[in-house]
Each structure stands twice: as structure tokens, then as C-alpha cells.
């Protein structure tokens, strides 16, 4: 079976980690029977905006819409902004225009030495955020502020339809994991969050086999550090998920260890959760693990014929990172992006899954 994958390397280190993602994808392809990946690389992001004035040309969007999946490196540069001061972020346009409402951000500790928390084993930190991505506080991101205005306001939007589909996605994920969902909100202060919780309680009745808890966002930040082992699936609003998933990444080694998927009913984009990191771009030291784990998520999402490939990647990452020396500089190691990518690709060829 052939799968059409659009590659959007983007900006900064996105182009570098994309090379390693493709390397891993090709290693997996050699291990799977009757599976082929047709790869099409296209340009989008801040550099594309500087080139032609559009960070996401219609031809690129149409190609993403027609593809089986999209693999994205990183987009945006701090100095490339719209006239109103917002950073160029076509990845957000993709989420909204393709209705990629489920932002899935798994967090897993592969080695105790990678966590700043004392005496934590890999089994202690294995959780997943399900982040709503079409509304919430990000709903206001394209609003305009009047010149000379003495105030600015952003509206946090919560709708029943968007919340219901998000919660069902979270519960379905929990059924494949440890059957526990934590709702993260601020229902003690914000009316929108009271409504968010009401919808959650209604949907929870459809999944009586899944245990639930409800926490305020500030308490969740505390408990992620104090007792991360108690979390399985956490579901939350757009901005809360953006912040908390980065905190969680810090518990397992940093953003270089943070894969993500933006999933809708028919389309999906897979990308490392880190940014373009222009301060290290071109130095060959970017951590490719988040990209490589994002490739594993893509293979898991595509279907039964590719899911074995996702398991191969996860097993390869586990084996390679079992050696504390196999790290890029962001995690205290000395390997280059290419060296770590090569080690992981070689491991994909060597590992087996029962």
C-alpha cells in the first residue's frame, strides 16, 4: 500500500530534524512488507513568507489536504512577524483550516537521568495531553487591536460541539492506555470553564469504564512535578494545553523529547512540539528524537499496515536512549543530530517486536 506524505521542513532546525525523520521513515519502509511512502517536500513557514509573501501558499495547503498525512519540522522565526506584531505561524492555520481539533502530546521518560525529578523511573512518567486546538484562548489570535487603544482583549471561546469531540477523543485514547482521564480547567473562576466542565461530565457518562478526575490548571502544574505517575490522559483547553505540555516535556529531558500530533476526523499533521530554535540552527546539534517519535505517531495513525513501524521506532528509541551517552547537547551529550539519527535508524533495522 502506498501512503502519500507531505513534508514541510519549515524554518530553523525544522529542516535539520526533517532529514532525520525521513531517514527513520525510510528505515521503517525497508522493514514493512507491501508498504511504500511517497514523499513530497514543499515550502511553508517564515522563510516562504519572506520569499513570496505567503507563509502557506494555497498549492501547499491543497497538497496537505490531499495527502494521507503531513510531517512538519518547525515553523516561525522570532523576527518574522505580521504588521500587528504576531509571529508568522502557518502551523496554526493548518490546524484551524483542516479542523485538527485534537492536539495529542505524549510525554514519556526513557531514562531516569533525563528527568530533573529525583528518583523517577520511566514508568513514573508516561502521560498524554489532549489539547483542544480550534478555539479556546487561541480563538482571538487574529483579532485586531485599534491603534492607540488603551486596552486589548482576547476572548476565550468554548463551544459544546468542539468540546464534545475533544472529550470523546480523550476517552477513546484512555481506553487504549490506562483508562484514566483528568480534566484540566479553571472552573472556580471562569464561566467558560464551568461550561467546559459541564460538557465533560456529560460525555464522561458515555465512558463508564474510564476513571475521571477534575483539576484546576494551577494545581495540575504543581501535581505534574510532585506526582506525575498519577496521570494518564489529561484533556484541556488550547492555551492551558500549550503551557502544561511544555512543562511536562521538561520532566523528561526537554522539548527535544516532545513529539506531537494535530488530528482531525480526516486529516492529521505530525511534528515535534519544539520551535525552530534559530539560535542553534545550522550547528548540527538539534535533538531529532521529538521528530522521530512524531513519525512513530504518524505510522500509528495511518492504519494497521503501518502501526508495526511505529512500534519499531518506539522500541529503537528505547534501546538507543538506554545508553546515557546517546544524547545531543541539549541533554548533556555530545552527539550531533546526524549521529543520533543514524543510531536510531540502525536500531530500527535491528529491533524486533513480538
| Among the residues listed as 280, 285, 292, 313, the single one being in a loop (DSSP other than H, G, I, E, B) and crowded, with 19+ Cβ neighbours inside 10 Å | 285
| Index of the failed condition, residue 164 passing every other in (1) more than 23 Å from the chain's Cα centre (by Cα); (2) without any contact (Cβ under 8 Å) to a residue 40 or more places away in the chain | (1)
| query | Which of the following residues is surrounded by 12 or more Cβ atoms within 10 Å (Cβ to Cβ), modelled with pLDDT under 95 and either farther than 20 Å from residue 211 by Cα or touching a helix residue (DSSP H, G or I) at 6+ places or on another chain (Cβ under 8 Å) (or both): 127, 137, 183? | reply | 137
| task | Can you run down the residue pairs with Cβ atoms below 6 Å, 6 or more apart or on separate chains, where the first is in segment 113-127 and assigned by TED's automatic domain parsing to the domain that holds residue 332 and the partner is part of a helix (DSSP H, G or I)? | result | none
| query | Considering only segment 88-124, how many residues are touching a helix residue (DSSP H, G or I) at 6+ places or on another chain (Cβ under 8 Å), under 30 Å from residue 53 (Cα atoms) and not in a helix (DSSP H, G or I)? | reply | 6
| Of all residues in segment 175-197, which are without any contact (Cβ under 8 Å) to a residue 40 or more places away in the chain, assigned to a helix (DSSP H, G or I) and under 14 Å from residue 235 (Cβ atoms)? | 175, 197
| Can residue 306 be described as buried (at least 16 other Cβ atoms within 10 Å of the Cβ) and in contact with a strand residue (DSSP E or B) (Cβ under 9 Å, 6 or more places away or on another chain)? | yes
| query | Given the conditions (1) more than 20 Å from residue 101 (Cα to Cα); (2) touching a residue at least 12 places away in the same chain (Cβ under 8 Å); (3) assigned by TED's automatic domain parsing to the domain that holds residue 183, and given that residue 244 satisfies all but one, which numbered condition is not satisfied? | reply | (1)
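Kindly indicate whether residue 224 is crowded, with 20+ Cβ neighbours inside 10 Å, outside any loop (DSSP other than H, G, I, E, B) and either on the phi > 0 side of the Ramachandran plot or more than 14 Å from the chain's Cα centre (by Cα) (or both).
yes
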| said: Which pairs turn up if I take residues in segment 63-86 that are on the phi > 0 side of the Ramachandran plot and in the same structural domain as residue 11 (by TED's automatic domain parsing) and look for partners that are surrounded by 15 or more Cβ atoms within 10 Å (Cβ to Cβ) and in a helix (DSSP H, G or I) with beta carbon separation below 9 Å, at least 6 apart in sequence or on another chain? | reply: 76/46; 76/90; 76/91
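The values are calculated or read from the model by the stated rules, or taken from the named source; none is laboratory data. Just so it is clear, the structure is predicted and the values come from calculations on it, not from any experiment. Ideal geometry is used to build each Cβ from the backbone, glycine not excepted, and the neighbour counts take in all protein chains shown.
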